[in-house]
Amino acid sequence: MCGIVGYIGKKEAYPILIKGLQRLEYRGYDSAGLALINSQGNLNVYKAKGKVADLEAYCVGKDISGCVGIAHTRWATHGEPSSVNAHPHYSASGRLALIHNGIIENYLTLKEKLSSRGIAFQSATDTEVLVQLIEYIMTSNDIGLLEAVQVALHQVIGTYAIAIVDRMHPDTIICARQSSPLVVGFDAEDNFYLASDASPIAEYTDQVVYLNDGDIAVLQRGQKLHVVNLDNVTQHPKVKQIDVTLGQLEKGGYPFFMLKEIFEQPDCLRDCMRGRINADRDKITLSAVIDFREKLVSARRIIIVGCGTSWHAGLIGKQLFESLCRIPVEVEYASEFRYREPVIFKDDVVVAISQSGETADTLAAIELARKAGAFVFGICNAIGASIPRMTSTGVYIHVGPEIGVASTKAFTGQVTVLSMLALTLANERHTISEERYKEMVVELTQIPDKMEQALKTNEQIERLAPIFTYAKNCLYLGRGYNYPVALEGALKLKEISYIHAEGYPAAEMKHGPIALIDSEMPVFVIATRDKLYEKVISNIQEVRARGGRVTALVTEGDTRIRQLADHVIELPDTLECFQPLIASIPLQLLAYHIAVCKGKDVDRPRNLAKSVTVE
Ligand code: M6R
């Protein structure tokens with residue numbers, strides 16, 4: 001949460017910072033701010049409550065000149081969203097300005113200490129403590145900024161990605177990282193960029209360094225990038241090339257990123273499978289499985305950890321691994337797993353799933369698993385993020401940057417990777433026949449085409465959506481592989497339309513939620529033709545008998561459910577285990593169109609952020 005961006009070089013910083021904030025707005029958008037040092041050495045700080053557009057409006061007519069600056073878009077943790085609590089925060093003398101993503105856990109202790117020495121605080125944030133502490137250390141010890149940052153960070157408990165400017169040294173930005181992401185980019189023309197992820201940098205250079213925990217980077221005009229640790233030992237992080245294209249970062253004619261990302265899914269899955277499924281479509285090759293074959297094939301148990309949508313993908317993974325590979329699987333919310341005392345064996349494989357690769361709870365769960373000696377396998381989208389760097393091995397889903405806060409293509413990418421992994425392990429363990437394996441691989445490669453067909457339901461769903469805008473509650477029902485699809489459909493609706501929705505295993509409805517059903521509550525049932533089809537029809541009957549209004553997702557050509565449901569949405573047929581890849585599409589579209597009908601900001605739903613880097 002929170003996005004940070006910075007620039008120092010030969011160009012005007014303001015446009016780079018604003019564009020960078022727009023790219024990072026998915027990380028938080030309750031307030032934004034920036035600090036610029038102009039050619040006279042003045043440090044100008046501008047902040048506004050609201051979105052980046054509000055900051056831009058606030059800056060009109062102000063001095064926005066300067067070739068060095070830092071900027072921040074906030075997702076509030078400590079202190080309400082307001083311009084006072086927005087970043088950058090500045091030091092008592094007004095000399096330093098600092099931006100921060102993360103949480104300073106011991107900020108109250110530090111604040112009391114500084115207050116007792118006469119330092120007055122302006123904001124209610126944990127961040128302000130950092131900038132005040134750094135200046136206090138600088139002045140009371142008569143040391144330079146870098147040394148003061150090192151001393152200060154030794155006193156800090158918590159997580160941070162920070163960047164600081166000093167109006168007395170306008171030729172330098174110092175930035176540091178501990179458990180919050182930070183990327184530094186540079187080019188041959190003496191320009192440095194920093195950001196929470198590579199998206200604000202991709203436009204200017206493809207040369208980046210992903211800072212490691214404990215790294216402090218000095219971005220100094222005319223100098224090479226210098227990275228040290230808290231004890232001033234020089235570090236040598238690897239220079240990487242970014243492979244994000246600008247097209248991936250733009251809306252490409254769609255009104256919202258979410259809609260663009262929904263429609264991108266067929267191509268995303270083709271990218272995800274490219275190079276992994278051969279041209280004859282009879283073999284999946286995942287290099288991670290080749291490199292760690294023994295560990296993976298002989299797993300005694302798989303524990304899947306993740307949060308939100310990634311956890312839903314994990315529930316599908318459980319069914320895939322259990323039915324195809326005959327390996328017992330547990331699926332855990334990372335946030336619960338990390339604070340229980342789970343029994344973890346050395347021959348367990350822990351699969352951590354995360355789109356962003358930065359989710360704090362998932363990182364902590366991985367740490368716990370690693371300490372217990374388990375083998376940790378990552379499934380991630382963001383290239384170079386923390387999770388792929390801290391897991392033993394893993395697979396990128398390769399669906400491109402996902403910017404809409406509500407996850408769509410990452411979900412289907414995760415399920416595709418889980419499908420490829422389960423099929424690979426099943427083949428290696430001989431738990432499915434060679435013939436079945438090949439049939440399934442062929443079917444998996446046909447999913448993108450079937451998704452294209454499923455996307456044709458868009459117009460029908462757009463027409464249906466207004467009917468549901470009145471709803472206060474909705475129920476999503478599914479069984480087997482479609483139960484996690486019901487959970488995911490409900491999550492999408494909650495997130496972007498603010499309608500309460502619950503996903504439930506269809507047969508469990510009669511154990512409680514059936515009491516809620518009346519003509520006011522829309523019930524969405526995933527009733528595709530699979531081994532539980534007849535049972536789901538009975539569940540639909542139960543809803544109907546209580547006056548409930550049913551919208552059913554059915555397999556094309558289904559005539560039985562058409563007679564029972566108020567609305568049916570037809571989907572192409574596929575194997576039961578791949579049905580979530582198809583059935584999730586109309587539910588994503590439904591949530592999207594309902595939210596649009598309600599006039600909601602689909603890409604920036606209230607209170608949420610894309611990357612949850614705090615507990
Ligand atoms: O980046 P991650 O996959 O680790 O994120 C996990 C959840 O925060 C995320 O899936 C969240 O639930 C989405 N907003 C769902 O649309």
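What follows is calculated from the coordinates using simple rules that are stated; it is not laboratory data. Owing to the predicted nature of the structure, the values given are computational and were not obtained by experimental measurement. No Cβ is skipped: glycine too gets one built from the backbone with ideal geometry, and neighbour counts run over all protein chains shown.
Spin-label pair Ala545-Arg340: with each label point 7 Å from Cα along the Cα-Cβ axis, the two points sit 3.5 nm from one another.
For the stretch 251-454, what's the relative contact order in percent, using C-alpha pairs closer than 8 Å and at least 6 residues apart?
Working: 361 pairs, mean separation 58.4, N = 204.
After rounding, I find 29 percent.
For Ala57 and Asp601, FRET efficiency with R0 = 25 Å and r from the beta-carbon atoms, rounded to 0.05?
That pair, Asp601 with Ala57, gives E of 0.90.
How much of the DSSP beta bridge set in the chain is antiparallel, as a percent to the nearest 5?
On the way: 60 of 100 bridges.
Counting only bridges with both partners in the chain, antiparallel ones make up about 60 percent.
Sorting Cys2, Cys59 by the number of Cβ atoms found within 10 Å of their own Cβ, with the fewest placed first, yields Cys59, Cys2.
For Asn42 and Arg221, what is the calculated FRET efficiency with R₀ set at 22 Å and r taken between the beta-carbons, to the nearest 0.05? Please list the in-between numbers first.
Numbers: r = 18 Å, r/R0 = 0.80.
E(calc), rounded to 0.05, equals 0.80.
Computed extension length for Glu322-Asp566: 84.3 nm, one decimal, from 0.36 nm per residue of separation with the Cα-Cα distance subtracted. Over the stretch 1-42, the fraction of Cα-Cα pairs per 10 Å bin, rounded to whole percents and listed from the shortest bin up, is 28, 50, 20, 2. Counting every other Cβ atom within 10 Å of each residue's Cβ, Leu269, Leu259 order from fewest to most as Leu259, Leu269.
Of the peptides 173-181, 561-569, the order by per-residue mean of other Cβ atoms within 10 Å, starting with the highest, comes out as 173-181, 561-569. Beta-bridge orientation, the stretch 251-454: approximately 5 percent antiparallel, per DSSP, counting only bridges with both partners inside.
Any chance you could list the semi-axes, whole Å, largest first, of the equivalent ellipsoid that the Cα gyration tensor gives for the stretch 3-248, using √(5λ)? Let's see the in-between values first.
On the way: eigenvalues 120, 89, 59 Å².
Taking √(5λ) for each eigenvalue gives 24, 21, 17 Å, largest first.
For Lys535, the lysines whose Cα falls under 29 Å of its own Cα, not counting residues fewer than eight places away in the same chain, are Lys318, Lys450, Lys456, Lys472, Lys492, Lys494, Lys510.
What does the C-alpha gyration tensor say about the overall shape of the stretch 458-597? Classify as rounded when a/c is under 1.5, otherwise prolate if a/b is larger than b/c, or oblate. Rounded, because the longest to shortest axis ratio a/c is under 1.5.
Label-to-label distance, Asp231 versus Asp449, with points set 7 angstrom from Cα along the beta-carbon direction: 6.1 nm.
Determine the sum of side-chain charges near Gly20: Lys and Arg each +1, Asp and Glu each -1, restricted to other residues whose C-beta is under 12 angstrom from that of Gly20. Counting the neighbours of Gly20, the net charge comes to 0.
For a protection proxy built on the mean count of beta-carbon atoms within 10 angstrom, sort 516-528, 208-220 highest first, please.
On the way: 516-528: 21.9, 208-220: 20.4.
Result, highest mean Cβ count within 10 Å first: 516-528, 208-220.
Please compute the length gained on full extension between Ser93 and Glu434, using 0.36 nm multiplied by the number of residues separating them and subtracting their Cα-Cα distance.
On the way: separation 341, 0.36 × 341 = 122.76 nm, distance 7.21 nm.
Fully extending the segment from Ser93 to Glu434 adds 115.6 nm.
Expressed in whole Å with the largest first, what are the equivalent ellipsoid semi-axes of the stretch 35-171 derived from the C-alpha gyration tensor as the square root of 5 times each eigenvalue?
Working: eigenvalues 110, 71, 29 Å².
Largest first, the stretch 35-171 gives 23, 19, 12 Å.
Going by the alpha-carbon gyration tensor, a ≥ b ≥ c the square roots of its eigenvalues, is the stretch 251-454 rounded (a/c under 1.5) or, if a/c is not under 1.5, prolate (a/b greater than b/c) versus oblate? Oblate.
Rg then Dmax, both in Å and based on the Cα atoms of the chain: 25.5, 81. Each label point was placed 7 Å from the Cα along the Cα-to-Cβ direction; for Glu459 and Glu189 their separation is 4.7 nm. Taking a point 7 Å from the Cα of Tyr498 along the Cα-to-Cβ direction, the residues of the stretch 599-615 with backbone N closer than 19 Å to it are 599-610.
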